[in-house]
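What follows is a short report on a single structure.
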Amino acid sequence: MSRKKQVHTVRSRQKQKTFRTLLSSERLEDRCMLTASADWTPLGPFSATNGQVENIANKPVAGAIHALLAHPTNPNTLYVGSVNGGVWKSLDATVSQPHWTPLTDSMPSQSISALAFDSADANSNTIYAGVGRNSSLGRIGNQRIGLMRSINAGQNWQVVDGGGVLQGKNISGVYANGNTIVVSVNVADNSTYANIGIFRSTNGGTSFTQISTGASTGLPGGVSYDLVAEPLNSSVLYTSVVFSPTAGGNGVYKSSNAGANWTKVSTPAMDALIVANTSNLEMAAGRNNEVYAGIINAGALAGLFRSPDNGLTWASMDLPQTNETGGNVGLNPRGGKGPTSGPSELIAGGQGNIHFSIVADPNNAN
């Protein structure tokens, strides 16, 4: 071996020995050097502050919430389903600064679109969470896996997809009573009529059957934006049908046998507003036989209806108004995002497609 090669080999071995010594060194200065370069700054998760909220100290905000589930007997227990942050629970919801615990971080999807208790569980420990994408950012979200179920008040969860039937479907509403589970679907990865509407299980979610077929069920195919149950009679359900291929199929429908069969209950005045640009239709049922339906067209509230007799008759209500920049506008007005100067119809973005909900007072029918 030449002298030049011998020198190169020795230097290489010296470098390797020095590197191994540095890695295994017990010298104090080496340990201090490594420690000093390993500083970390916490980045979260924690809430952002100074958001667009009122009467809350520091104005904390953490993201959009799409579903709320209040415990029927304990006002301190509240569940929320966030747009892309999973299900959260508070056990002190009535205090000024509630504490929240995330429940579904280990689940494959955090895009929550609906929440419901199993009405057959007297202790309200069985909870269903529907998965659906509702983000303001182009409805971006996690994979549509169907439902998630907890039987121990949110401690543990499992996916319920009916053997894959609910996979890829955007769950807009969920109802559960023991082995009977009903879901509404407003859009799907493959949005054909076979993949949207109402789906029902009678075996606890092992399998689901599409009800929105028109044949023998009374419910035609189409988009179902919502699904609600009467609070005092859990077998009575309401849903909507939009974009139906059946002539006269659009409207509000009622089931008296937990979703097996349906009857159209909307009036011609309501049906006249359920048109090609109907982008949402939300409902609520109260404890005094009242039912409400809000029709959203092109992102703005077009009609608000009330039934005092469980859907038998309906009356049109006046629409909420608010004064903005000198002009009266309604909920979710159309136009560019605001506030801005100019005509009142141009001061907001018409986001009623995803930012509209309705609830009936539990005690006062008015």
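The values are calculated or read from the model by the stated rules, or taken from the named source; none is laboratory data. Only a predicted model underlies this, so the values are computations on that prediction, with no experimental measurement involved. Using ideal geometry, Cβ is built from the backbone for each residue, glycine included, and neighbour counts are taken over all protein chains shown. For the accessible areas, the whole protein counts, side chains as well, though only heavy atoms, and no ligand, DNA or RNA atoms are used. Shrake-Rupley method; radii C 1.70, N 1.55, O 1.52, S 1.80 Å.
Taking amide H as placed 1.01 Å from N in the peptide plane, the amide H of ARG144 sits under 5 Å from that of GLY168, each at least 5 places away or on another chain. Here the 3J(HN,Hα) profile of region 135-143, calculated from phi with Karplus coefficients 6.51, -1.76 and 1.60 at θ = phi - 60°, is 6, 5, 8, x, 6, 5, x, 7, 5 Hz, Gly and Pro shown as x. Each residue of region 233-239 was assigned a 3J(HN,Hα) from its phi angle through the Karplus curve 6.51 cos²θ - 1.76 cosθ + 1.60 (θ = phi - 60°); the sequence is 8, 5, 7, 9, 10, 10, 8 Hz, with glycine and proline shown as x.
Alpha-carbon geometry of region 135-276: the Rg and the Dmax are 15.0, 47 Å, given in that order. Maximal additional length on extending the THR267-SER207 stretch stands at 18.2 nm, based on 0.36 nm per residue less the C-alpha distance. Seen from VAL228, the other residues with C-beta closer than 11 Å to its C-beta sum to a net charge of -2, counting Lys and Arg as +1 and Asp and Glu as -1.
Of the residues ASP105, ASP161, ASP118, ASP39, ranked by 1.4 Å probe accessible area with the largest first, the sequence reads ASP39, ASP105, ASP161, ASP118.
The label-point distance for ASN125 and LEU232, in a model that sets each label 7 Å from Cα toward Cβ, rounds to 3.0 nm.
Length gained on full extension, THR246 to ASN58, computed as 0.36 nm times the residue gap minus the Cα-Cα distance: 62.4 nm.
Here the 3J(HN,Hα) profile of region 199-213, calculated from phi with Karplus coefficients 6.51, -1.76 and 1.60 at θ = phi - 60°, is 10, 9, 10, 10, 10, x, x, 5, 9, 10, 10, 6, 8, 6, 10 Hz, Gly and Pro shown as x. Packing-based ranking of 121-134, 301-314 yields 121-134, 301-314, ordered from highest to lowest mean Cβ neighbour count within 10 Å.
Taking amide H atoms as placed 1.01 Å from N in the peptide plane, the amide H of ALA67 lies under 5 Å from those of GLY81, each 5 or more residues away in sequence or on another chain.
Between LYS59 and ASN50, the built amide H atoms are under 5 Å apart, and every one of these is 5 or more places off in sequence or on another chain. One decimal place: the segment THR192-GLN155 gains 9.8 nm when fully extended, by the rule 0.36 nm per residue minus the C-alpha distance. Treating each Cα of region 143-211 as an identical point scatterer and summing with the Debye formula, the log10 of I(q)/I(0) at q = 0.18, 0.27, 0.28 Å⁻¹ comes to -0.61, -1.27, -1.35. In region 171-217, the portion of solvent-accessible area held by carbon and sulfur atoms comes to 46 percent [1.4 Å probe, whole percent, DNA, RNA and ligands not counted].
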